[in-house]
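Next up is a structure, given as structure tokens.
The values are calculated or read from the model by the stated rules, or taken from the named source; none is laboratory data. A quick note: this is a predicted structure, and the numbers were derived from the prediction, not measured. For neighbour counting, all protein chains shown are included, and Cβ atoms are generated from backbone atoms with ideal geometry for every residue, glycine included.
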Amino acid sequence: MRLAVAGFQHETNSFAGTVATRSDFDRPGGWPPFCAAGDMARIIAPSGTPAAGAMGEAEQAGVDIVPLLWCIGLPSGPVEDDAFEDIAGDICSRFRAALSDGLDGLYLDLHGAMVTPSFPDAEGELLARLRRIAPAPFPISVSFDLHGNISQSMVRDCTVLECYRTYPHVDLRETGARAMRRLIGVLQGEAAPHMAYRPVPYLASINDQCTFVEPTRGLLGKAEELESGEGIDRISQFFGFPLADVPDSGPAVVVQGKDAGKVEQVADTMLAAWLAAEPHFANELAPAAVAVAEARRLAAAPGSGPVVIADTQDNPGGGGTGDTTGMLRALLAGGAAGAVLVHIADEAAALAAHAAGEGATLDIAIGASLSLSHGAPVEGPWQVVRLGSGSFTGIGPMYRGNPIALGPVALLEHGGVRVIVAPRKMQASEPGLLIHLGLQPETLPILVVKSSVHFRGAYQQMARAIIPAIAPGAVEADLSRLPYRHALRKPARALVPPVEEVIPQ
Ligand SMILES: [Zn+2]
């Protein structure tokens, strides 16, 4: 048995004001670099990616892998047409060549919320091109991110599909392994499943999607219960990525199984559960100044572990630039001495710190070089506390095993507030970066992370408290404020009033 493996991931925030170019797929912060053919096994196998899980599963099953190409770009504005054509074209030509050498199936590691100027459903377009090369019933198995805005056409072109079940995503390798296991199953004679697709008629903010809490925890529990029934192979729940302004934006349920009638019935049951859950997609978010004051109060009380403030609207994992300064300003204005902010993407500041050396004082302003509309740089003077190469291996539940190469990083301090600067952005869900700079996250009084939910994978258990907070940024938490033009669904009608009215003072 010979199975091809390819991956091409991007999550597109239509409102980010940026674009992803071809070079953005070369060395994305926190993830393996672009790789192809013979390099793929060496680079991907030790990583925490779905493709690594799939390749490991294939190896265990004694299946020959034909590596095609794998790459990921950090979430941002749309992927440029040239970049999409270059990478999608490369995958297709490698796939065609592998087919002519004899191939039994294809596994794909995709996201599901990639947008280009020409294709609002970019994964649907890639799958359609692959299907023109290898029409059904040639087996294609795909693992998606649960933030995929899954379309009818994507579902049509997959033989089997899987998506992550956790947000924070801590089951990437397992999801890839499941997709590979099911692909092998089809090749060993299992019938391809019937698929039922149900788009959910509202958008859910990513802040309300954490699977540690309701309503998503209950929806996953409901699916697990129904999945144990006869004739049902899998219930995949896509929470969607609401910052992609495209017609297919929004959650969807895909049920797969042998018994078509039962599959359709279970899909209806799951859709009803999503409709009932709509009023519960609501979360309380504190304005930055309120969050800092509350964090100081909690940190001064008896207890252990850091108070973690989530700077959700500059989450690089949602398309934020990772360099806004609203939360840093709030820490300084609020007198949050001892607090650490991880991290601000500012290449000039990181290089200046390395040129000056540890102990030096920099008379520079940091941040806001990319996010011009979300606040100004923060003036120093900044003291250089610690320098690092920015190269280390991920240890957190999301990035474990990933070779992380951020470039020269520095820990700076001003007014008792410390901030990490790095040349590139990366979601703050990796404690390895703090340890790399001599910090022990569990001993910090206040830790500010540029993240919406993924940080919980690393910090939920050690945190004394978690305060999701809002400062200006491109990852809008309140979807009703966004100028949608193409999305067909409206934000969930939540029970709680607007954020400003619900924060305890
Ligand atoms: Zn995701």
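Please indicate, with yes or no, whether at least one residue in segment 271-291 is outside the structural domain of ASN13 (by TED's automatic domain parsing) and within 16 Å of the ligand (Cβ to nearest atom).
no
Follow-up question, since we're still on this one. Condition first: under 17 Å from the mean Cα position of the chain (by Cα) and away from the ligand (no atom under 13 Å from the Cβ). Now tell me which residues in segment 169-188 satisfy that.
ARG173, GLU174, GLY176
Can you say whether ARG198 is assigned to a helix (DSSP H, G or I), touching an Asp or Glu at 6+ places or on another chain (Cβ under 9 Å) and among the basic types (Lys, Arg), as far as the supplied structure shows?
It is false that ARG198 is assigned to a helix (DSSP H, G or I), touching an Asp or Glu at 6+ places or on another chain (Cβ under 9 Å) and among the basic types (Lys, Arg).
Further question on the same structure: Taking GLU214 as the residue in question, decide whether it is buried (at least 22 other Cβ atoms within 10 Å of the Cβ), in contact (Cβ under 8 Å) with a residue 60 or more places away in the chain, of a type outside the set (Val, Ile, Thr) and not assigned by TED's automatic domain parsing to the domain that holds GLY319.
no
I need the full set of residues from segment 358-391 which are modelled with pLDDT of 95 or more and within 30 Å of VAL170 (Cβ to Cβ), in order please.
Those that are modelled with pLDDT of 95 or more and within 30 Å of VAL170 (Cβ to Cβ): GLY367, ARG386, GLY388, SER389, GLY390, SER391.
Evaluate the following for ARG182: is it modelled with pLDDT of 95 or more, surrounded by fewer than 23 Cβ atoms within 10 Å (Cβ to Cβ), in a helix (DSSP H, G or I) and not β-branched (Val, Ile, Thr)?
Spelling it out, it is not the case that ARG182 is modelled with pLDDT of 95 or more, surrounded by fewer than 23 Cβ atoms within 10 Å (Cβ to Cβ), in a helix (DSSP H, G or I) and not β-branched (Val, Ile, Thr).
Can you name every residue in segment 76-100 that is small (Gly, Ala, Ser) and in contact (Cβ under 8 Å) with a residue 40 or more places away in the chain?
Matches in segment 76-100: SER76, GLY77, ALA83, ALA88, ALA98.
Of the conditions (1) more than 18 Å from MET55 (Cβ to Cβ); (2) more than 15 Å from the ligand (Cβ to nearest atom); (3) surrounded by fewer than 23 Cβ atoms within 10 Å (Cβ to Cβ), THR166 fails just one. Which one is it?
The one condition THR166 does not meet is (2).
Pick from segment 1-13 the residues that are within 16 Å of the ligand (Cβ to nearest atom) and in a loop (DSSP other than H, G, I, E, B): which of them is surrounded by the fewest Cβ atoms within 10 Å (Cβ to Cβ)?
Among those that are within 16 Å of the ligand (Cβ to nearest atom) and in a loop (DSSP other than H, G, I, E, B), it is ASN13.
Let me ask something else about it. In this structure, is PRO135 part of a loop (DSSP other than H, G, I, E, B), more than 16 Å from the ligand (Cβ to nearest atom) and crowded, with 18+ Cβ neighbours inside 10 Å?
No: the conditions fail for PRO135.
Kindly evaluate ARG94 against the criterion of being within 16 Å of the ligand (Cβ to nearest atom) and outside any loop (DSSP other than H, G, I, E, B).
Against the criterion (within 16 Å of the ligand (Cβ to nearest atom) and outside any loop (DSSP other than H, G, I, E, B)), ARG94 does not qualify.
Consider segment 161-209. How many of its residues are of a type in the set (Val, Ile, Thr) and under 20 Å from ASN315 (Cα atoms)?
3
Filtering segment 316-339 down to residues that are in contact with a helix residue (DSSP H, G or I) (Cβ under 7 Å, 6 or more places away or on another chain) and closer than 17 Å to LEU434 by Cα, which residue is farthest from the ligand (Cβ to nearest atom)?
ALA339
Each row is one residue, and each column tells you yes or no for (1) buried (at least 21 other Cβ atoms within 10 Å of the Cβ); (2) assigned to a strand (DSSP E or B); (3) among the hydroxyl-bearing types (Ser, Thr, Tyr); (4) in the same structural domain as ALA355 (by TED's automatic domain parsing).
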residue: PHE392; (1), (2), (3), (4): no, yes, no, yes
residue: ARG400; (1), (2), (3), (4): no, no, no, yes
residue: VAL419; (1), (2), (3), (4): yes, yes, no, yes
residue: ILE435; (1), (2), (3), (4): no, no, no, yes
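Answer yes or no as to whether ALA204 is small (Gly, Ala, Ser) and touching a Leu at 6+ places or on another chain (Cβ under 9 Å).
In short, yes.
Please verify whether ALA310 is under 19 Å from the mean Cα position of the chain (by Cα), among the aliphatic types (A, V, I, L, M), under 19 Å from ALA469 (Cβ atoms) and within 16 Å of the ligand (Cβ to nearest atom), treating the condition exactly as stated.
Yes: the conditions hold for ALA310.
May I pose another question? Where residues in segment 112-132 are in a helix (DSSP H, G or I) and among the acidic types (Asp, Glu), which of them is nearest to the ligand (Cβ to nearest atom)?
Within segment 112-132, the match that is nearest to the ligand (Cβ to nearest atom) is GLU123.
Kindly indicate which of LEU161, LEU146 is part of a loop (DSSP other than H, G, I, E, B), touching a Lys or Arg at 6+ places or on another chain (Cβ under 9 Å), in contact (Cβ under 8 Å) with a residue 60 or more places away in the chain and not polar (S, T, N, Q).
LEU146 is the lone residue from the list that is part of a loop (DSSP other than H, G, I, E, B), touching a Lys or Arg at 6+ places or on another chain (Cβ under 9 Å), in contact (Cβ under 8 Å) with a residue 60 or more places away in the chain and not polar (S, T, N, Q).
Please determine, by comparing only the residues of segment 146-163 that are within 16 Å of the ligand (Cβ to nearest atom) and more than 19 Å from ASP233 (Cα to Cα), which one is surrounded by the most Cβ atoms within 10 Å (Cβ to Cβ).
The extreme case among them is ASN149.
Looking at LEU103, is it more than 23 Å from HIS486 (Cα to Cα), touching a residue at least 12 places away in the same chain (Cβ under 8 Å) and assigned to a loop (DSSP other than H, G, I, E, B)?
Taking the combined requirement at face value, the residue satisfies it.
Follow-up question, since we're still on this one. Could you please let me know if SER76 is crowded, with 18+ Cβ neighbours inside 10 Å, more than 23 Å from ARG22 (Cβ to Cβ) and small (Gly, Ala, Ser)?
no
Taking the condition of being β-branched (Val, Ile, Thr), surrounded by fewer than 22 Cβ atoms within 10 Å (Cβ to Cβ) and outside any loop (DSSP other than H, G, I, E, B), how many residues in segment 14-44 meet it?
Residues in segment 14-44 being β-branched (Val, Ile, Thr), surrounded by fewer than 22 Cβ atoms within 10 Å (Cβ to Cβ) and outside any loop (DSSP other than H, G, I, E, B): 1 in total.
Taking segment 94-116 on its own, how many of its residues are within 30 Å of ASP245 (Cα to Cα) and either more than 21 Å from the chain's Cα centre (by Cα) or among the basic types (Lys, Arg) (or both)?
So the count comes out to 1.
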